[in-house]
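For reference, the structure discussed in these notes is given below.
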Amino acid sequence: MGVLSSINFSIIEIILTIIIIYIIHYYYNYYNRINPLPGPFPLPIIGNHYLFHINDYSKFLKKCHEKYGEIFEIYVSGERQICIGNLKDFDKLFNPSSKTNFKLRTLYKSGLDEFGVSGYGVVFNHDPNLWQFNRQFFIQAMLTPSFGHLCLSQTQIFIKEITNYWNYISDNNINFDLRKWMFCFMTDILLDLSIGKRCFALNNYYSELINVNDKGKSNNKDVEYVELLMKYADGYVFHLFFGAYAKYLPIFKGIAKKHIINRDKYWNYIYNIIYDQKNIINNTSKDQLRNDIITLLLTANTVHDINISKSKVQETNPELQRPLNDKELLINLSEAIGAGVDSIGSLFTFLIYDIIKNPKVLIKIREEVEDVLGKDLREIKMEDLDKFKYIEAVIKESARLNSISPLVDRYNHAPEEVGGYNWPANTHFIINASGTQSDPKFWENPEKFDPERFINSSSINNPKALILFGGGVRICPGRKFAMIILKTITALLIYKYDFELVNPNDLMKIRFAIFNQPNELYIRIKKREL
Ligand code: HEM
């Protein structure tokens, strides 16, 4: 006691000592990690974040792939991540068997518990059983043929609406942000297909545009839902990354509280829609129901279910045979809307940029549209979509070049061998799409925009190195739906309009939020004389 009281530590000395112990401990663990791999040197707490801005994450992954090869390690978000860039290991990580050890995209996050969504939905569900239960509904809804037809017919209706606006914009030489336009278009169409509601996002942006140009009347309709949804998505992301600390830090606590208030408003809004839809279902015969996402999710595994045939997994597992409860339904609906807006909107914006820079591609697209639909552009039918081979190649090439999905995450829930090393359970793997999609080993002149590479199988191009929709048991369930919309808007809008960049020398600015997204793209359009 006497000795201790004679030692006089200042607060600064104590803090410094703690920091030094932390750093020693950090690097002790680093130098004793299992399977040390090449990769950039990490710093305590920030890992490799000092080497890139989050919007350049995709470029960072690409550079590391060039420098360190097909397997390397990075330290991001406080975690060691093993980046994989070879097709043999992709096959393992994307094993479609229900027995695979790679079912998880994320581990348990206490922040999502605080937000009340942990174990719900599909995208960030950390529990393999609950994930599987929810995913079956998603797949069933997305693959129902009548949903595909609804999707195609509604997309064409919304394109007619765009055409009215765009003709006016073209006649009056109004510049606009295609990125924002696509966000509004996708919000309108996804709300319509998910919950049968209009939110008039397109109409609002159009009003904003013509007001700015002093051309006419504003028409601000009810966009309450869109605002709630956008804030809800922010709350989700906030809780995913920071929610665990929210209780302890005063500023975070305030932000978290606001997100919870908004979450409750959003949930109430959707619960009301669910109750209304239940009434409609109970009072309408099966064959009269509109097969939108809410109806398909609500009726699955009930007497109103229109999908009589079930998968083997569903038939053999009694736990998968109950219907969704209201909260499960709410989260799945929100994910369907959230997952489609930015992904499809961003990919189409990139595609227009690539086409403006490569006018020969535009001519070939128009030739294909004329071959399939004739000069009078008859209505697109489901079977026409398979004939849009060149358009499909353009969509894939734009996705490849712009790395729309720059990475895919996986955790193994049992020890596994990957890349020639044995890994313990819960290792975080990154399928490095950015790396493989720009690797000359898989693509001839990878920096060139060349859709033919997806048609001409004799070249060295390897379509397996494109990771557009992920793979294996967690492959994107909305991929068919996304392709219906993308092919339809590419065919019709590119056939009807010429496009020009407002600032031809500006490079596209990108932000990263799960997907690579263009920040904005200001364009001018001209209606074609057909
Ligand atoms: C161009 C459009 C789209 C792209 C590029 C895209 C891409 C992806 C990717 C890369 C994944 C991760 C897959 C994996 O881990 O293997 C994913 C998952 C997912 N996507 Fe999409 N997606 C698109 C559109 C959509 C749409 C329209 C929906 C729904 C309406 C949707 C719903 C989902 C869901 C629910 C998951 C999580 C699946 C699971 O964890 O089991 N996506 N998507």
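For the residue pairs K92/K387; K286/K389; K257/K509; K180/K396; K62/K231; K99/K247, the C-alpha atoms sit more than 27 angstrom apart in K92/K387; K286/K389; K257/K509; K62/K231; K99/K247. Sorted largest first, the principal axis extents computed over the alpha-carbon atoms of region 8-126 equal 63, 42, 30 Å. Taking amide H positions as modeled 1.01 Å from N, with prolines and chain starts lacking one, the residues under 5 Å from F72 and 5 or more places away or on another chain are C83.
In sequence order, region 230-244 has phi-based couplings of 5, 5, 4, 4, 4, x, 4, 5, 4, 6, 4, 9, 10, x, 5 Hz under the Karplus curve 6.51 cos²θ - 1.76 cosθ + 1.60, θ = phi - 60°, and Gly or Pro positions carry x.
Hey, what angle do you get for helix 178-195 against the long axis of the chain, alpha-carbon based, 0 to 90 degrees rounded to 10? Helix 178-195 and the main axis of the chain meet at about 90 degrees.
One Cα centroid belongs to region 141-175, the other to region 95-127; the line between them spans 34 Å.
Over all directions, how big on average is the projection of the convex hull of the alpha-carbon atoms in region 219-288, in square nanometres? Could you put the intermediate results ahead of the total?
Details: hull surface 29.3 nm².
If I average the Cα hull's projected area over directions, I get 7.3 nm².
For region 475-530, relative contact order (Cα pairs under 8 Å, six or more residues apart, normalised by length) works out to 36 percent. Close amide H pairs (under 5 Å, H built 1.01 Å from N) link V418 with W423, residues at least 5 positions away or on another chain. Stretching the chain fully between D171 and D113 yields a gain of 15.7 nm (0.36 nm per residue, less the alpha carbon separation). Decide, for region 343-391, between rounded, prolate and oblate: order the square roots of the alpha carbon gyration tensor eigenvalues as a ≥ b ≥ c, take rounded if a/c falls under 1.5, and otherwise choose prolate if a/b is larger than b/c, else oblate. Verdict is oblate for region 343-391.
Direction-averaged shadow area of the convex hull around the Cα atoms of region 156-283, nm²? Mind showing how you got there, number by number?
Working: hull surface 42.8 nm².
If you wrap the Cα atoms of region 156-283 in a convex hull and average its projections, you get 10.7 nm².
Shown in residue order for region 372-385 are the 3J(HN,Hα) couplings computed by the Karplus curve 6.51 cos²θ - 1.76 cosθ + 1.60 at θ = phi - 60°: 7, 10, x, 5, 7, 6, 5, 4, 7, 9, 3, 5, 5, 4 Hz (x for Gly and Pro).
Taking R0 as 35 Å, what FRET efficiency do you get between I14 and D91 from their Cβ-Cβ distance, rounded to the nearest 0.05? Between I14 and D91 the formula returns 0.10. The ellipsoid equivalent to the alpha-carbon distribution of region 124-213 has semi-axes of 34, 16, 9 angstrom, derived from the gyration tensor eigenvalues as √(5λ) and listed largest first.
Based on the alpha carbons, how large is the Rg to Rh ratio for region 369-428 when Rh follows Kirkwood? Walk me through the intermediate numbers first.
Numbers: Rg = 20.9 Å, Rh = 15.6 Å.
For region 369-428, the value is 1.35.
In this calculation the C-beta distance from E315 to N426 is compared with R0 = 35 Å, giving a FRET efficiency of 0.65.
What translational D, rounded to a whole number of µm²/s, comes out for region 242-351 from Stokes-Einstein when the hydrodynamic radius is the Kirkwood one over Cα pairs, at 25 °C and 0.890 mPa s? Can you show the working numbers first?
Working: Rh = 17.0 Å.
Result for D is 144 µm²/s.
Take the Cβ atoms of E79 and D264, set R0 to 41 Å, and the FRET efficiency comes out at 0.85. Compactness ratio for the chain: Cα radius of gyration over 2.2 N^0.38 Å (N = residue count) comes to 1.06. Considering only N301, N519, P451, and ranking their Cα positions along the charge dipole of the chain that arises from unit charges at the beta-carbon of Lys, Arg, Asp and Glu, the one farthest toward the positive end is N301.
Assigning unit charges at the beta carbon (Lys, Arg +1; Asp, Glu -1) and nothing else, what dipole magnitude in debye, to the nearest 20, does region 340-407 show about its Cα centre?
Working: 11 positive and 13 negative charges, 54 e Å.
Using only the charged Cβ atoms, the result is roughly 260 debye.
Region 155-200 gives an Rg/Rh value of 1.02, both radii derived from C-alpha positions and Rh following Kirkwood. Here the extension length gained between D127 and A513 equals 136.6 nm, from 0.36 nm per residue of separation less the Cα-Cα distance. For the pair N55 and D376 in one chain, pulling the backbone fully straight at 0.36 nm per residue adds 111.3 nm over the alpha carbon distance. Rounded to the nearest 20, the Cβ-based charge dipole of region 100-241 about its Cα centre (Lys and Arg +1, Asp and Glu -1) stands at 320 debye. Rounded to the nearest 10 degrees, the inclination of helix 326-357 to the longest alpha-carbon principal axis of the chain is 70 degrees.
In percent, rounded to a whole number, the relative contact order of region 290-349 is 33, using alpha-carbon pairs under 8 Å and six or more apart.
Coordinate-derived values only; no laboratory data. The model shown is predicted, which means the values in this text are computed figures rather than measured ones. A quick note on method: Cβ atoms are made from the backbone with ideal geometry, for glycine too, and the neighbour counts reach across all protein chains shown.
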